[in-house]
Amino acid sequence: MTDPREEDKHVAPSRMWRLFSRSEVLIVPRTSIAGRALVVVVAIMTFLAALTTGAVMLVRAAASDWQSDVSREITIQVRPIEGRDIEADVARAVEIARAFPGIAEVQPYSKVESTRLIEPWLGTGLALDDLPVPRLIIVRVASGAAPNLPKLRQLLSDQVAGAGLDDHRAWMDRMRTMVHTAVIGGVAILVLMLTATVLSVVFATRGAMATNRPTVEVLHFVGAKDGFIARQFQRHFLVLGLEGGAIGGGAAMALFALAGLLRDWVLGAGASDQFTILFGNFSIGVEGYIAIVIQIVLIAAVAGATSRHTVNRTLNTIE
């Protein structure tokens, strides 16, 4: 016959585990110095990541507006040629542009207006009469139209001496390159911040495991499965990640909202208009705020998943 005491040795741990599992188990204390430090780190990383995301979105939006405006505008330059009446050449270029299909508006600049355009580089009060300052004609393309610009360029070259057409294609190509560079740089920064967050969670999880190793070993003895222990750590660090992410992401969203509200008051009307031309209305919009919320959830999920993975690897070393 089997000794009842031997049966109790095997049954007791199982009974203890069933009783233990029915109650709320907190392997890692909710409030600890390491936990508060991790919240601060996650908050800082989320704040910087959200600022990067917002900045990239602002650059993309501003560049898109610039390209949209520039793509609807082309410039005709009429260079002065000795022996020719430049006013007649300008009038002829204006006539050709206005008659060309797909052109909505043609605005020729006078000699005084053309001279003022180069004053920021040459200064004021200079005698520019002897300089071959070209005359500019601003041509705006009709909405939805796609005029044959090579044909227009050829007409101007054939009928107006010294006339040339600039569709700003090179400038737009450089703008696209700048935007792509900004996006790639922003993604690289986000990857680095996410990597730093993962490393922080790994170190924090290992520290928590080392601190609570006796508790983990006891749970193993009473029959706790590795999945149960890993879930406890995962839940703990998921909450810490959400808390830190909410603090950092919320601060970034508040900063963007405050910057949009105070823009006109801080810069003044004139400077605000120039600022809007360069950077748009400095609002990341609903899409920007949604992107920041997604970042908060992503960072929290990464913190929880990283903690679970680290715990599982550590539990494999416990006999």
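Laboratory data are not the source of any read-out in this text; all were calculated from the coordinates shown. This is a predicted model, so every value here is computed, not measured. Note that we place each Cβ from the backbone using ideal geometry, even for glycine, and neighbour counts take in every protein chain shown.
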Could you give the length gained on full extension between Gln77 and Phe228, defined as 0.36 nm per residue of separation minus the Cα-Cα distance, in nm? 46.8 nm
How much net charge surrounds Ile184 when only the other residues with a Cβ under 14 Å from the Cβ of Ile184 are counted, with Lys and Arg +1 and Asp and Glu -1? +2
Modelled label-to-label distance, Ser157 and Arg174, 7 Å Cα→beta-carbon offset: nm? 2.3
Two-site FRET efficiency, Ala305 against Arg60, from Cβ-Cβ distance with R₀ of 30 Å, rounded to 0.05: 0.50
Rounded to the nearest 0.05, FRET efficiency between Glu217 and Leu255 (Cβ-Cβ, R0 30 Å) equals 0.05
Between Ala88 and Val40, how many nm apart are label points set 7 Å from Cα along the C-beta direction? 8.0
